[in-house]
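Here is the structure we will look at.
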Amino acid sequence: MPPGPERARTAAELRGLYESEVISIRGLVTVTGWSYSTVRRLLIEAGTQFR
């Protein structure tokens with residue numbers, strides 16, 4: 001997982017993909033290689049509206 005400003009940018013990118021219904025959390029896990037909890041935490045940090 002990237003640190004600092006890169007982390008916020010990555011979280012925003014993940015949020016965009018998730019909220020546009022392009023990909024699920026599990027799909028983001030597969031793409032990024034990060035754990036489910038890490039991806040979910042980044043989405044929460046980005047202010048994601050969960051479906």
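The values are calculated or read from the model by the stated rules, or taken from the named source; none is laboratory data. No experiment lies behind these values; they were computed from the predicted model shown. Note: ideal-geometry Cβ built from the backbone for every residue, glycine included; neighbour counts use all protein chains shown. Surface accessibility is based on the protein's heavy atoms, side chains included, excluding ligands, DNA and RNA. Shrake-Rupley method; radii C 1.70, N 1.55, O 1.52, S 1.80 Å.
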Measuring from its Cα centre, the chain shows a charge dipole (+1 at each Lys and Arg Cβ, -1 at each Asp and Glu Cβ) which, in debye to the nearest 20, is 140
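Calculated from DSSP H runs of 4 or more alone, at -39500 (n - 2.57) each and per residue, what is the 222 nm mean residue ellipticity of the chain, nearest 500? Kindly include the intermediate steps, with their values, before the conclusion.
Values: 3 runs with 34 residues, N = 51.
The helix-only estimate for the chain comes to -20500 deg cm²/dmol at 222 nm.
Taking the solvent-accessible surface of protein heavy atoms with a 1.4 Å probe, what is the per residue accessible area of the chain in Å²?
Working: 3290 Å² over 51 residues.
Value returned for the chain: 64 Å² of accessible area per residue.
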Output for the chain: chymotrypsin sites (Phe, Trp or Tyr not before Pro) sitting in coil per DSSP, at most 11 other Cβ within 10 Å, listed by number, reads PHE50
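Using only the alpha carbons of the chain, what is the convex hull's orientation-averaged projected area in square nanometres? Each step should come with its number before you reach the end.
Working: hull surface 12.0 nm².
Mean projected area for the chain: 3.0 nm², to one decimal.
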Simple SL model, points at 7 angstrom along Cα→Cβ for ILE23 and GLU6; separation in nm is 1.8
